[in-house]
Amino acid sequence: MKLLLPLLLTAAALAADPVAVRLVPAQFELHRPGASQQLLLIAEYADGSTQDLTDAATWSANAPAGLVTAGGTPGPLPVTATHGRFRASATGRLETAPGPAVFRFRSAIGPILTRRGCNSPACHGGVKGRGGLKLSAASLFPRDDYDWIVQGGEYQVLSAESRTPRTPRVDLRNPNASLLLRKATGTVSHGGGPRFAVDSLDYRTILDWIRQGAPFGPPDDDASRITAIEVFPKILTLEKNRKHRLLVTAVLANGRREDLTAQALYLTNDRQIATVADSGLVAPVALGETSILVRAAGQAAAVIVGVIGDPVAHYPPIATNNFIDEHVFDKLRRLRILPSGLSSDAEFLRRVCLDLTGTLPPPGRATAFVNSRDPQKRQRVIEALIATPEFTDYWTFRFQDLFRVALFANGINPKWSQMYGEWIRESIARNKPYDRMAWERLTAQGYDGPTRHFLPYDVIGTPEETMAEEVRVFFGRRLECAQCHNHPYETWSQDQFWGLAAFFGRLFKMGDTGNEYVIFDHPLHEGMGNAEVNGRIETLHPRTKAKLVPTLLDGRSVPPSDQENPRKALASWMVQHPYFAEAAVNRLWAEFFGRGLVDPVDDFRSTNPATHPELLSRLAAEFRRGGHDLRALMRLIVNSRTYQLSAATNPTNRADRANYSHALPRPLLAEVLLDAIGQVTGVPERFTTTIAPDGKITQQTPTGTRAIHLREPDLFHSRFLELYGRPNRLALPERSGKANLGQALHMLAGSIYNEKLTAPASRLQTLLRAQTTDGAILEDLYLTALGRLPEAAEREQLLTALATQPDRNQAWKDLYWAVLCSREFAENH
């Protein structure tokens, strides 16, 4: 194991001088006269904390307040900054292309619309815009913005034609009378209020543009296209009396980087925690954690901001087992939160057995594990559990949930849902690489197991619904909002949505003999958004009515071919995309911690950043490097100290719910809870299908069938499972785990919690008939249900109470019932 450096934080140390200062960025290039680069002077302290000293520093003459602006002469641009006895330098250079500077609407006008909030989702960047003017969010589509401003017209969701006369927002004959300027300055009524003053630089920039004829300029070539923005720092910790600037950088397709700090729009998710100025200066308000959303050049990024309290005196060294701990504990240190101690052996064993196999540890195994002095026993039990049939059973159940194995979801034919479920079981048992599982499901055709996924209610699903589900499952993104219009909050366009949907536009089923359908890709397919053209079915864009060609999110199209399944190209692209590995590791992380690094797990978006973005990237990279091995990823997670922390809290981490400083109690899944009750009582559940009018049961599962073995949750009825949140799998499952009144009533009067305790073959009745002592029964109950022995005080109090009861059978039934209803039993912790 590796030890993180101890932090001895005292008030004196905190007030001391920094140990070093540095400029960010340390190197930069400017590519045209007038281009600028903001630099920050960052102080580093012995405790690992940092401070923004930009405003307090003394800068070289060419960088007032850290802002370097290029002149007209190419060459080096050295920058220095001093603070007290410290001095830092950065190396810059002006590289100019021959000829005059090129005007582009994207880089000259778009940033004004973004920074002033004109194209925000709450204003003209909404679905239909505002006041007859539609703009793309953060100028994502500058050509569209230009047309709406210069030509005017009202945006229609399902039609490319404007139903009202077009009113240009610019007046080329009288530029000062342009609506774009008059509304933005409040000269005429404007629902968004004044956005800038007449004497502002933004006003003059737009006015000069209109005077020059309002050109769009040459389109961006592929090399100068902005592919992403980066924000420094990614995670920001602030003391209550410190502020910090953000630095926004555009990443171009040709590898160049441009400073967009002055062109970005900054929004805080919680003004009660931190505020952010138009310049990107973040100020703390109260202790807590929030995020700052940054929009620029059609892109978005987020910064996690933690407002921290007083230093923790004598922060101890924290042992780490792998890189997961290094990332988690580094953030905790910066947030001045102490992680909890290591879980006890009993706590760990119960947790890992439930997480890897969905079962409670047998009493004998629990006792032997706790008593073992083997220093490698935790690693050994993890390997043993992964090799068990119960591991295959449990993870088959979890992926059958995710992949929606159900009667009505797979063609209303039990044989088909069985085929689909067996394909999943075989994949888990063989440890098939996850990218291969995804590829097989995405490209499935013919009559094999995964093809049944494409037959909800015995019909081929519509292309748009099928595509949206695949993207949620394998990319963790929700594109549905772009089905009828460009996404108002994210960078997804309607064209991208339907380009992906077109990959599923040719699905059809053939063969109607005995309900034996075969799935193929073919031009003949009927469904929403399709039209028949000379005997062929073509997918049409719902707004422009143009014929769609299957197109990937990066703009590459896959020409249609009668000889090739287009979904193969889609699947190959998806499993190699960074989103795929990120979504997979995030989903699996949530299985072991109760929440994802991005949560919900299928809702990656700019306004929902990862709690630990660098850890997410590292996990995804390791997952790809390891061949998308699910077992290896699980092994890595459960071997981490982060996973093995205790659920007991300390004063610094008691309120933490997102940074993994202690284990969070997680309600057992409905099926796992029911199986656990059967395991403790010794009375397994029997499941039935619907009951016929004459009262006869049409089908009943064999004795010993576990709830996690049920492939078709919509076929086998269980009131208990319904109350505790079993999804029907007709849509992507979403389990809440929240308690409800029905559960409370079921505990009081339901058969699961009551009849099993009095059944003659139950564990309790068997022990009582054998005249087992109260002490032995108590130990057996605690070991079986809670994975531990009762503490001395518990044992004394309970045995004393039992001895005073006149009816021993009823007293033990009451105690068993109380344990089964307790949170300690019903939760994994």
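The values are calculated or read from the model by the stated rules, or taken from the named source; none is laboratory data. Note that the structure is predicted; figures quoted are calculated from it, not measured. Here the Cβ positions follow ideal geometry from the backbone for every residue, glycine too, while neighbour counts run over all protein chains shown. Only protein heavy atoms, including side chains, enter the accessible area calculation; ligands, DNA and RNA are left aside. Shrake-Rupley method; radii C 1.70, N 1.55, O 1.52, S 1.80 Å.
Checking the cross-link pairs Lys128/Lys545; Lys183/Lys234; Lys234/Lys432; Lys134/Lys545 against a 28 Å limit on the alpha carbon distance flags Lys183/Lys234; Lys234/Lys432 as lying beyond it. Using θ = phi - 60° in the Karplus curve 6.51 cos²θ - 1.76 cosθ + 1.60, the 3J(HN,Hα) couplings for the stretch 204-215 round to 5, 5, 5, 4, 4, 4, 5, 4, 7, x, 6, x Hz; x is entered for Gly and Pro. Summarising the amide proton neighbourhood of Leu236: residues at separation of 5 or more, or on other chains, whose placed amide H is nearer than 5 Å comprise Ile304, Val305, Gly306.
Could you tell me which residue out of Pro18, Gln445, Val352 lies farthest along the dipole of the chain toward its positive end? Charges go on the beta carbon: Lys and Arg +1, Asp and Glu -1, centred on the Cα centre. The listed residue farthest towards the positive side: Pro18. Packing, taken as the mean count of other beta carbons within 10 Å per residue, orders the peptides 651-660, 191-200, 345-354 from highest to lowest as 345-354, 651-660, 191-200. Under the classification rounded if a/c is under 1.5, otherwise prolate if a/b is larger than b/c and oblate if not, where does the stretch 740-829 fall, given a ≥ b ≥ c as square roots of the Cα gyration tensor eigenvalues? Verdict is oblate for the stretch 740-829.
Rolling a 1.4 Å probe over the protein heavy atoms of the stretch 105-211, with every protein chain left in place, gives an accessible area that is 51 percent carbon and sulfur. Gyration tensor over the Cα atoms of the stretch 233-313: the corresponding equivalent ellipsoid has semi-axes (square roots of 5 times the eigenvalues, largest first) of 26, 13, 10 Å.
The relative contact order of the stretch 320-377, computed from alpha carbon pairs under 8 Å that lie at least 6 residues apart in sequence, is 22 percent.
Once the Cα atoms are used to define both axes, helix 578-593 deviates from the longest principal axis of the chain by about 40 degrees. Global dimensions of the stretch 12-116 from alpha-carbon coordinates: Rg and Dmax equal 16.8, 57 Å.
The residues neighbouring Gly192, those whose beta-carbon lies less than 10 Å from its own, together hold a net charge of +4 under the Lys/Arg +1, Asp/Glu -1 convention. Just to be sure I understand, if you calculate Rg and Dmax of the Cα atoms in Å for this structure, which of [x] 27.7, 85; [y] 42.6, 133; [z] 31.2, 103 do you get? Only one option fits the structure, namely [z]. Computed over protein heavy atoms with a 1.4 Å probe, the carbon and sulfur contribution to the accessible area of the stretch 740-829 reaches 58%. In terms of packing, defined here as the mean over residues of other Cβ atoms within 10 angstrom, the peptides 789-795, 818-824, 203-209 line up highest first as 203-209, 818-824, 789-795. Of all lysines in the structure, not one has an alpha carbon short of 16 Å from that of Lys509, not counting any fewer than 8 places away in one chain.
Taking the Cα centre of the stretch 25-91 as origin and assigning +1 to Lys and Arg Cβ atoms and -1 to Asp and Glu Cβ atoms, the resulting dipole is close to 260 debye.
Once backbone amide H atoms are built at 1.01 Å from N, Phe141 has Ser136 as its partners under 5 Å, excluding neighbours fewer than 5 places away on the same chain. Ranked by the mean number of other Cβ atoms within 10 Å of their residues, highest first, the peptides 59-72, 385-398, 487-500 come out as 487-500, 385-398, 59-72.
The alpha-carbon of Lys240 sits under 18 angstrom from the alpha-carbons of these lysines, leaving out residues fewer than 8 places away in its chain: Lys331. Placing a pseudo-label 7 Å from each Cα along the Cα-to-Cβ vector at Asp220 and Asn650 gives an inter-label distance of 4.8 nm. Summary value for the chain: 10 percent relative contact order, contacts being C-alpha pairs under 8 angstrom separated by 6+ residues.
What the chain shows is 44 Å² of accessible area per residue, with the surface traced by a 1.4 Å probe over protein heavy atoms.
Give the Debye-formula value of log10 I(q)/I(0) at each listed q (0.14, 0.15, 0.22 Å⁻¹), with one equal scatterer per alpha carbon of the stretch 256-367, two decimals each. Debye output, listed in q order: -0.82, -0.86, -1.14.
Computed over the stretch 105-211, the Cα gyration tensor eigenvalues convert (square root of 5λ each) into semi-axes of 20, 15, 13 Å, ordered from largest to smallest. Computed from point charges on the beta carbon alone (+1 for Lys and Arg, -1 for Asp and Glu), the dipole magnitude for the chain about its Cα centre is near 1220 Debye. In the chain, taking the dipole from charged Cβ atoms about the Cα centre, the farthest positive-side position among Gly131, Leu798, Ala56 is held by Ala56.
Here the accessible area is traced with a 1.4 Å probe on the protein chains. For the stretch 233-313, carbon and sulfur cover 45 percent of it.
Where both bridge residues fall in the chain, DSSP classifies roughly 90% of the beta bridges as antiparallel.
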